[in-house]
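Worksheet for the structure shown next.
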């Protein structure tokens with residue numbers, strides 16, 4: 001059974017909204033609906049990972065010639081690797 005989210009945990013959408021507001025020089029509290037919409041728009045493409053993202057996730061959990069995700073930690077590593085790969089794709093060639 002999947003682990004239930006902790007009520008105290010900050011939602012990812014809110015973390016991204018806060019990051020967008022900060023990068024924009026704004027304040028999440030000033031217009032939370034706007035920043036949440038922007039966060040949702042930013043997250044939507046992650047539902048269709050690029051080849052680079054998939055390769056990064058695969059590499060993150062590869063072990064002994066068998067790829068098996070055996071724990072929540074393995075999923076965490078794979079997701080982190082995918083997101084970092086997407087960020088890298090976005091910064092390649094920027095200076």
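What to note about this one:
- Distance between the pseudo-spin-label points of residue 84 and residue 24 (7 Å out from Cα toward the beta carbon): 2.9 nm.
- Residues 89, 18, ranked from the fewest to the most other C-beta atoms within 10 Å, line up as 89, 18.
- Residue exposure proxy: 11, 28, ordered by other Cβ atoms within 10 angstrom of their Cβ from fewest to most, comes out as 11, 28.
- Each residue in 77, 44 was given a count of other beta-carbon atoms within 10 angstrom of its own, and listing them fewest first yields 44, 77.
Readers should treat all values here as calculations from the given coordinates under stated rules, not as data from a laboratory. This structure is a prediction, so every number in the text was calculated from the model and none was measured. When we count neighbours, we look across all protein chains shown, and the Cβ atoms used for this are built from the backbone with ideal geometry, even at glycine.
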